[in-house]
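For reference, the structure discussed in these notes is given below.
The values are calculated or read from the model by the stated rules, or taken from the named source; none is laboratory data. The structure presented is a predicted model; accordingly, all values stated were derived computationally and were not measured. Quick reminder, even Gly has a Cβ in these numbers, built from the backbone with ideal geometry, and neighbours come from all protein chains shown. The area values use the complete protein model at the heavy-atom level, side chains included, leaving out ligands, DNA and RNA. Shrake-Rupley method; radii C 1.70, N 1.55, O 1.52, S 1.80 Å.
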Amino acid sequence: MTTDGATNGEHGLAKFAARHIPPRTDGLTGSPRWNGLAFDWVYVAYGALFVLFVLGYPLASWVWAGEVFTPPIWIPIVFAAALLLIAGSFAWTLRARSANAIRAAYEIVDTAIAGQQRLTGYEETELSALENKVIRYVELARAREEEVEAERGQLQTLLSDISHQTKTPLSGIMLYGELLEEVPDLGEEARQYAAQIKAQAAKLDWLIGSLVKMSRLEAGVIALQTIISPLIPTITQAVSQVYATAERKGIPIAINCDPVISARHDPKWTGEALFNLLENAVKYSAAGSGLNISALAGEMFVRIDVADQGMGIAEEEWNDIFKRFYRSKQAAQQEGVGIGLYLAREIITAQGGYLKVSSKLGEGSVFSLFLPSL
């Protein structure tokens, strides 16, 4: 609810802040900031007034009367003490009033967040206008949060329905493709078609599964359970999923990881991220090249490097390869949809880590995965 009085109160509060709160510049960013309890200018101003009054009286007498008036010594001393007392009391009062206003603002914010009864009622004051504005903001934030939660629930239901509804027909297509391949009198051309049907169905099943995972991660539906555990089981589990493909291409996989190295991570989803990195490394590496996995424990992060001897990535594409559905120019001839690296980065980021790449065209790539140590 917004009233004319509240609007005027808000404008009055803004004008008061503009007049009485001096701007302060942040030394790091250079952006203007405000400090309502900065009283240096008060001390300087009233100190200057004190000096002006003490010295100005005899100087004014000399200018106007042509001679310097020399009163008894106790008069300027009392005069100076009185000015100092007035200036000090004013600065102390101003500081106390500002502190009380800030405490009142804190109480208003806490009361609005807790949903308790208004502190200032509906008075035509600046604090009442501030409280009204804070309550409106809190109500809007809660309404938006409820909308987001409702949308998240609907999205989770939709994703579950899509995954469930597509699983059965895809399984049927793959089954019929296998049955066609087993027909004795099937021609060679038809047998190739059956193999393509089965392969494309498997690819579609993988794509739908990846899209569902990606959507769930983006929507926050998937809650990663991070624990401090050794990395070697996670690495070996990911390697086991690409070992057969690497062996067919003659690509040896070397693992250099001390069994005592541990990190805070979700073993299942971290293994998924590593699998995506390893799958790309095997896919885009030439037959007979090598693949090396190493882990190094640091003070804050544990680093896992996946180094291949593949085609490499141009430096101007290092940021783009982690985008959804992005395909590098060098990888255009290979099969893929461009979501593996995006998924890997989302999984690692959700665990408090990060992923980066270093590569040179024709010499291979090194994907570095960082996980928190504690």
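In this structure, the amide hydrogen of Ile251, modeled 1.01 Å from its nitrogen in the peptide plane, lies closer than 5 angstrom to those of Gly288, counting only residues at least 5 positions away or on a different chain. A cut-off under 15 angstrom between Cβ atoms defines the neighbours of Arg264, and their net charge, with Lys, Arg +1 and Asp, Glu -1, is 0.
The distance linking the range 241-274 with the range 85-126 is 59 Å (Cα centroid to Cα centroid, whole angstrom). Cross-linked pairs Lys203/Lys360; Lys213/Lys323; Lys213/Lys329; Lys249/Lys329; Lys203/Lys356: Cα-Cα separations exceed 21 Å for Lys203/Lys360; Lys213/Lys329; Lys249/Lys329; Lys203/Lys356. In the context of the full set of protein chains, the range 91-169 has a per residue accessible area of 74 Å² (1.4 Å probe). Expressed to the nearest 5 percent, the antiparallel share of DSSP beta bridges inside the range 224-327 is 75 percent. Among the protein heavy atoms of the range 216-366, carbon and sulfur supply 51% of the accessible surface, probe 1.4 Å, non-protein parts ignored. Contact order for the range 107-238, expressed relative to its length and based on alpha carbon pairs under 8 Å spaced 6+ residues apart, stands at 20 percent.
Segment Ala297..Asp320, full-extension length gain: 5.5 nm, with 0.36 nm per residue of separation and the alpha-carbon distance subtracted. Enumerate by residue number the trypsin sites (Lys or Arg not before Pro) in the range 246-346 meeting two conditions: DSSP loop (anything except H, G, I, E, B), and at most 16 other Cβ atoms within 10 Å of the site's Cβ. Here the sparse-neighbourhood loop sites are Lys249, Lys323, Arg324, Arg327. A DSSP coil position with no more than 10 other Cβ atoms inside 10 Å describes the following GluC sites (Glu not before Pro) in the range 138-218: Glu182. Dipole size of the range 145-282 about its Cα centre, with +1 on Lys/Arg Cβ and -1 on Asp/Glu Cβ: approximately 420 debye, rounded to the nearest 20.
Counting charges near Leu278 (Lys, Arg +1; Asp, Glu -1) among other residues having Cβ under 14 Å from its Cβ returns a value of -3. Note on Lys167 and Ile113: the model spin-label points, each 7 Å out from Cα along the C-beta direction, lie 4.2 nm apart. Using the Cβ-Cβ distance between Gln237 and Glu139 with R0 set to 51 Å, the FRET efficiency works out to roughly 0.60.
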